[in-house]
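Have a look at the structure below, then the notes.
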Amino acid sequence: MQSEYRFELQDGGLCKVGTATGQTIARHEPIGTSIVQALPIGSRVVVREDYYEFPRGQSNVYCLTEDFDLAWTAELPWQNDIYANPVIPTQDGFLSCASWDGMSCTLHPETGRIIKKVFTK
C-alpha cells in the first residue's frame, strides 16, 4: 500500500508532500542551519542538519513524528561534537552516524541514545 505522503527536502527545510496531489501538507524549518537529510523510519523521519555552523552543544540529528513534533534528539558522543556524516540504517535495526570529532556511533531509532561508539580517527 502506498503512503498518503512523502517527505522532501525543499529550500533547506523538510516538507510533507501529498503523494497523490504533490501539494505540500506541512513544512518543518531547520533548528540551526539547513536540513541535508531526511530518513523515514516507519511513521517518523530522522533529520540531519548541516553541521557547518550548527550551534555547538546541540545535536544536529533528531527525529520528528509525521506531524513534525520532536520525538528525540540524538545523544552527542561528546558535549561539543556534531554529526557530520549521513545517518544510515544498520542491518540490526539501529542507526549509524559518524561525528566530526571521529566517533562512529550506533543510535537507538526509538530514543536517539547512543548504543555503541567507536573512535575512528
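Legend: calculated FRET efficiency, THR21 to THR120, from the Cβ-Cβ distance at R0 = 41 Å, rounded to 0.05, equals 0.40. Checking every one of the GluC sites (Glu not before Pro) in segment 1-106 against DSSP loop status and a limit of 11 other Cβ atoms within 10 Å picks out GLU53. The chymotrypsin sites (Phe, Trp or Tyr not before Pro) found in segment 1-104 that occupy coil by DSSP, while having at most 13 further C-beta atoms within 10 Å, are TYR52, TRP78. If the segment from SER34 to GLU75 were pulled out straight at 0.36 nm per residue, it would be longer than the present Cα-Cα gap by 12.8 nm.
None of the figures in this text is laboratory data; all of them are computed from the coordinates on show. Quick caveat: nothing in here was measured; it's all calculated off a predicted structure. All Cβ positions, glycine included, derive from the backbone under ideal geometry; neighbour counts span all protein chains shown.
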